[in-house]
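Report on one structure; see the data block that follows.
Please treat every number below as a calculation from the coordinates, not as lab data. Source: prediction; values computed, not measured. As a convention, Cβ positions derive from the backbone with ideal geometry for all residues, glycine included, and neighbour counts pool all protein chains shown.
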Amino acid sequence: MFLGLDDILSVQAIVGERARLPCQAEILKEVDWKYLNASYPARERVWNRKDIVNGYMNRFTIETQAVGSYNLIIFPAQLNDSGIYECIEDGGFGKIHLIRLTVKRGETMYLLLSLVSHRMVMLIYRLKFFVHHAVHAIDELWQQM
């Protein structure tokens, strides 16, 4: 069976927050999770039916809320987590569920940077104002001597 772009579920997450990639298996056996890394031609195994694979252990977990539910949880999400993930039923031999994860920077980060930038500009302006008046005062004192 060929899977087209319409068969891909899109999930969005914010950097530093929790990303939840859902997978509801129809066949009640374990699933495999794989990550299709764009910079590497092969698929990387993330979950091998029982455990998170080395390299993914610190931030990746499996959430099983109900029978047949094998949701991949990534926390904290990072920009480089973006990509296509596969949830493969029946121990890696069954139906394939494709999920496209897009991780973006949050608005709060931009607002924080904007606020910091604004305060830096104000500080530089005040410093420039102070230096200008200090130089002017020194000039006046110099001329009086």
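Listed values, structure above:
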| quantity | calculated |
| --- | --- |
| Proximal aspartates and glutamates relative to residue 95, as straight alpha-carbon distance under 19 Å, when same-chain residues fewer than 8 apart are discounted | 6, 7, 26, 30, 32, 44, 86 |
| Sites residue 142 and residue 17 - FRET efficiency at Förster radius 35 Å, r taken between beta-carbons, to 0.05 | 0.05 |
| Shape category assigned to the range 5-104 from the gyration tensor of Cα positions, a/c cut at 1.5 | rounded |
| Calculated FRET value between residue 124 and residue 82, using beta carbons and R₀ = 41 Å, to 0.05 | 0.70 |
